[in-house]
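Computed from the coordinates by the stated procedures, all read-outs in this text should not be read as laboratory data. Predicted model, so just to flag it, every value in this text is computed and none were measured. With ideal geometry, Cβ positions are generated from the backbone for all residues, glycine too; neighbour counts draw on all protein chains shown.
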Amino acid sequence: MMDEREPISEDDLNAYVDGRLSSARQEDVRRYLGRNPDEAARIADHMRHAEALRAALAPLADRPIPSELHLPRLAASRRRRSDQLRRIAASVVLVGAGLAGGWFGHARIESGTVAVLGQETAATYALLSQGDAPTLTYAAADPQALVDWASTALRRPMRVPDLSGSGFRFLGGQVVPTAQGPAMAAIYENEQGDRLVFQARQMRAPGGTKMTPYRSAEGGGLVWERNDMGYSLFGNAPEEVSRAVATGIQEALT
Amino acid sequence: MQSEDVRALAQRRAIEPHIPALRRYACSVLRDAAAADDAVQDCLLRAIDRWHQHRPDNSTRAWLFAILHSTMMNGLRKWGRRGIQLAAEDPASIEELAVPARQETQIYQAEVLRAVGRLPEAQRDVLLLVTVEGLTYDETATALGVPVGTVMSRLSRGRDHLRELLGGRGTEKQARVPHLRRVK
């Protein structure tokens with residue numbers, strides 16, 4: 001009775017078509033439609049269309065589920081994938097000794113600074129990944145040689161990640177010049193031919209540890225800061241692999 | 001490991017019943033059964049990855065449709081263009097899949113289906129979710145990431161628009177041979 005005094009709205013009419021009104025309100029709408037033949041015709045059409053649409057599409061929900069959509073199978077493949085990524089992350093070990101500088105605590109990551117390191121790493125990747133011999137001629141052939149070279153150039157004990165546990169072989173490395181001072185760069189390759197460049201240099205602004213993804217035309221990478229050092233991993237490996245490797249390096253450097 | 005199994009079972013029980021509806025919706029939107037199943041597979045993988053983010057007291061159905069919707073929106077390039085143009089260019093696939101048009105009723109159903117394919121995407125999505133999939137207005141709002149008021153106005157406009165496309169009246173006897181309208 002209270003409802004009846006409330007004017008019928010377009011929302012009421014839609015809910016009527018969809019059968020979602022209380023029975024009292026449904027009666028109100030029926031009476032309203034009885035008084036308004038044009039509206040009644042419109043609503044009758046809406047109901048007919050809805051019914052035709054449901055009938056037309058009903059068979060689509062009645063098809064047997066193909067095995068590609070079998071949920072336990074999808075879940076199992078997902079578990080294998082995440083186990084694999086966990087193993088990659090856990091397999092990173094470091095060559096070289098010593099600790100990086102003091103811990104300056106969390107600070108806001110200055111995006112500009114981090115972006116510059118990302119660009120530098122992408123540039124190193126562009127140079128080192130074209131090639132074989134010519135660009136790596138002057139590079140350190142083994143990780144320990146790179147550790148020595150980089151520790152001297154950066155005037156601090158440097159460490160080189162060993163990624164062989166995740167299938168990435170150390171191809172070589174070198175110290176590269178940047179506007180912010182020398183940086184250590186190491187390049188890795190796996191059996192699929194994916195290449196990753198790891199680059200580290202001192203950061204002016206002491207930053208936090210948040211990992212930030214970035215992209216360029218040639219691939220994607222992640223950059224993060226720890227203490228007063230900036231680290232970046234860039235390459236053409238799938239994003240989740242790069243992320244797992246970067247996470248592993250980040251943890252190993254802690 | 002046992003809790004892992006229990007979790008997997010709960011996940012399976014919550015998600016699996018919705019797979020037929022997800023496939024139908026994807027197929028209605030993309031108008032291509034294979035592309036639709038690709039989208040649903042991506043949707044299910046994302047749902048598995050993000051299962052821990054799903055609150056048990058929220059509608060699993062709305063959550064899954066929301067993932068499917070964003071999967072299809074992000075997959076435009078991969079799955080081809082959605083909507084009116086695709087429907088006009090290739091009107092056969094889904095109608096054949098859905099209703100083999102033999103009897104008069106089925107011819108009429110196919111006509112309604114074609115008209116729905118010519119609706120603006122926003123109206124069509126709401127109409128399909130509410131009318132065919134039976135989502136509540138709130139669930140539809142969640143699935144499409146819009147306020148419920150927007151759902152109601154799209155539903156209203158979509159229904160009137162559909163009526164207009166079908167020639168004002170929608171009785172079987174008056175069903176006219178569908179014409180493909182120019183797409184703007």
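For the stretch A:2-62, averaging the sequence separation of C-alpha pairs within contact (under 8 Å, six or more residues apart) and dividing by the residue count gives a relative contact order of 31 percent. Residue-wise HN-Hα couplings along the stretch B:112-129, as the Karplus relation 6.51 cos²θ - 1.76 cosθ + 1.60 with θ = phi - 60° gives them from phi, are 4, 4, 5, 5, 4, x, 9, 6, x, 3, 4, 6, 4, 4, 5, 4, 5, 5 Hz; Gly and Pro carry x. Applying the criteria of a DSSP loop state and at most 16 other Cβ atoms within 10 Å to the trypsin sites (Lys or Arg not before Pro) of the stretch A:176-254 yields A:R204, A:K210. Per-residue packing, averaged as other Cβ atoms within 10 Å, sorts the ranges A:49-61, A:27-39 into the order A:49-61, A:27-39, beginning with the highest. Shielding of peptide B:127-134 by partners, expressed as the average count of other chain Cβ atoms within 10 Å per residue Cβ, is 5.
If you look at the Cα atoms of the stretch A:2-62, you get an Rg and a Dmax of 13.5, 44 Å. Among the residues of A:64-77, the average count of other protein chain beta-carbon atoms within 10 Å of the residue beta-carbon is 5.
Distant-in-sequence amide contacts of A:L171, defined by a placed amide H-H separation under 5 Å and a gap of 5 or more residues or a different chain, comprise A:I187, A:Y188, A:E189. Sparsely packed loop sites in the stretch A:178-254 (the GluC sites (Glu not before Pro) outside DSSP H, G, I, E and B with at most 10 other Cβ atoms within 10 Å) comprise A:E191.
In this simple spin-label model, placing a label point 7 Å from the Cα along the Cα-to-Cβ direction at both B:E16 and A:N36 gives a separation of 4.7 nm. Between A:G34, A:L13, A:S23, the Cα set farthest toward the positive side of the dipole of the stretch A:2-62 (charges on each charged residue's Cβ, about the Cα centre) is that of A:G34.
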